[in-house]
1. Considering only helices (runs of 4 or more DSSP H) fully contained in segment 1-109, which possess at least 3 residues that are at pLDDT 85 or above?
2. With the structure loaded, tell me whether LEU86 is touching a helix residue (DSSP H, G or I) at 6+ places or on another chain (Cβ under 8 Å), open to solvent by 70 Å² or more (accessible area, probe 1.4 Å) and either among the β-branched types (Val, Ile, Thr) or on the phi < 0 side of the Ramachandran plot (or both) or whether it fails that test.
3. Can you tell me which residue among ILE101, ILE75 is under 13 Å from the mean Cα position of the chain (by Cα) and open to solvent by 70 Å² or more (accessible area, probe 1.4 Å)?
Amino acid sequence: MKDKLGIFFSGLCVIHCLLFSFLIWGGVGSISLLNISEEFIHPILLIFVVMIGLVSFPSAYLNHQRPEPLILGLIGTIGLFFALFLSTTIEVIMTLFFGSILITAHFWNHKLQN
């Protein structure tokens, strides 16, 4: 269940990033409400991603003794964190890349436990 939540929230980051990018590049980005919500939604999503990762990866590692999902999860989470501080275009690219890594890590973690 923890990994499914991790996949959900990591996927939510990726979907949110894609939708917001289409709005920005489509010319709707000038709406100030979008810019204000972006300042709050990214840290909130990252908090959920980090909390789920802290619960999911270490406990699963103790069960299956495979470090690869844990390492991938750490790389994905750190990448998402650093993406918060970059320009919009680079943030989108990094969020898509590292969010996909995190989804892969949770999926792998889930498969190892079954």
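The values are calculated or read from the model by the stated rules, or taken from the named source; none is laboratory data. What you are looking at is a predicted structure, and each value in this text was computed from that prediction instead of being measured. Glycine gets a Cβ as well: all are built from the backbone with ideal geometry, and neighbour counts include every protein chain shown. Surface areas here come from the heavy atoms of the whole protein model, side chains and all, with no ligands, DNA or RNA. Shrake-Rupley method; radii C 1.70, N 1.55, O 1.52, S 1.80 Å.
1. Values: elements: 2-25, 32-64, 68-83.
Passing ranges, in order: 32-64, 68-83.
2. Details: touching a helix residue (DSSP H, G or I) at 6+ places or on another chain (Cβ under 8 Å): yes; open to solvent by 70 Å² or more (accessible area, probe 1.4 Å): yes; either among the β-branched types (Val, Ile, Thr) or on the phi < 0 side of the Ramachandran plot (or both): yes.
Taking the combined requirement at face value, the residue satisfies it.
3. Values: ILE101 fails: open to solvent by 70 Å² or more (accessible area, probe 1.4 Å).
From the options ILE101, ILE75, the qualifying one is ILE75.
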